[in-house]
Each structure stands twice: as structure tokens, then as C-alpha cells.
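This report concerns only the one structure given below.
The values are calculated or read from the model by the stated rules, or taken from the named source; none is laboratory data. The structure presented is a predicted model; accordingly, all values stated were derived computationally and were not measured. All Cβ positions, even for glycine, are placed from backbone atoms using ideal geometry, and neighbour counts span all protein chains on display.
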Amino acid sequence: MALLAGRYEDGPAAARACRRELARLRRSWRKADPRRFSRTNARSRLAVQRRICELAHAHKQCWPKSRWTDAEMRLLRNWVPWYREYRRTRDFPAMRTAAEGIQEELERLGGRRSVAACFGRFRKEWYRLQMST
């Protein structure tokens with residue numbers, strides 16, 4: 001929840017903090033509840049990061065550097081008609097403008113995608129749509 005509230009810069013930072021807190025909690029069980037301590041294992045950074053990602057998606061929130069949600073993809077596809085109208089052959093400035101617009105709209109919805117991520121995903125989606133027609 002702290003990651004989604006913006007208290008951490010990104011997912012890996014949230015995972016490091018969460019892992020430290022889990023380790024502290026587990027150490028407190030060593031004397032207070034030895035059976036519980038012996039039944040649990042320390043969590044790896046990747047395991048904690050993966051679980052935070054799953055929880056973010058369960059709350060319909062995007063996770064930086066993860067699969068785009070359905071809502072994000074709908075928003076991205078809304079930019080296709082605009083790009084069709086304003087693009088020229090291999091006109092990457094228009095695609096960059098579209099990516100900046102996508103990023104701004106995602107920010108308004110609480111998303112945290114970079115312009116580069118929006119550009120890459122939009123380009124991939126644009127090419128996919130061109131191949132299917």
C-alpha cells in the first residue's frame with residue numbers, strides 16, 4: 001500500500017523495505033515464538049518483489065516494468081486514431097507526442113509509466129495493429 005501511495009520511488013525500493021521489515025518481524029519470533037520462527041524462512045528480495053507486484057495488480061494498480069493492465073491498454077488504444085490522423089511515414093515525433101499524452105493520462109489515473117515505456121508500448125501496439133489489417 002505504501003508503494004501505491006507513492007512513499008517509495010519504485011517497486012525494488014518497496015521490496016527492500018518490506019524485506020527488512022519481514023526479517024525484523026521474523027527475528028522477533030526467535031525468542032517470543034520459537035516454533036513459528038523455525039517454521040518460517042527468510043524471504044528473498046525477488047520473492048518479496050513478486051508478491052508486492054501480485055498485490056498491486058490485485059488492487060488494479062500498475063507495477064513499474066510489468067505487464068500493462070487492461071485499463072492502461074484501453075487508454076493507449078484511444079490514442080491510435082489520433083496518431084493515424086497526425087502521423088507521417090515513420091514520423092517518430094508524432095509517436096513521441098502520443099507517448100507523452102498517454103503518460104500524462106496515465107498519471108491522472110494514478111499510473112507511473114515513463115514516456116519511454118509509453119512510447120515502446122504504443123509503437124509495439126501500433127505495429128501489431130498494422131500487421132493485423
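When you look at D33, is it of a type in the set (D, E) and in contact (Cβ under 8 Å) with a residue 40 or more places away in the chain, yes or no? Break it down into steps so the answer makes sense when it comes.
Numbers: of a type in the set (D, E): yes; in contact (Cβ under 8 Å) with a residue 40 or more places away in the chain: no.
No, not satisfied.
From the list R20, R74, which residue is out of contact with any helix residue (DSSP H, G or I) (no Cβ under 8 Å at 6 or more places or on another chain), loosely packed, with under 14 Cβ neighbours inside 10 Å and within 23 Å of L129 (Cα to Cα)?
Of R20, R74, the one residue that is out of contact with any helix residue (DSSP H, G or I) (no Cβ under 8 Å at 6 or more places or on another chain), loosely packed, with under 14 Cβ neighbours inside 10 Å and within 23 Å of L129 (Cα to Cα) is R74.
Name the residues in segment 29-46 that are closer than 19 Å to A17 by Cα and loosely packed, with under 10 Cβ neighbours inside 10 Å, would you?
N41
In the list A98, A94, A117, which residue meets the criterion of being more than 20 Å from R67 (Cα to Cα) and aliphatic (A, V, I, L, M)?
Result of the check over A98, A94, A117: A94.
(1) loosely packed, with under 13 Cβ neighbours inside 10 Å; (2) assigned by TED's automatic domain parsing to the domain that holds R123; (3) touching a helix residue (DSSP H, G or I) at 6+ places or on another chain (Cβ under 6 Å): which one isn't true of R108, the others all being true?
Unmet condition: (3).
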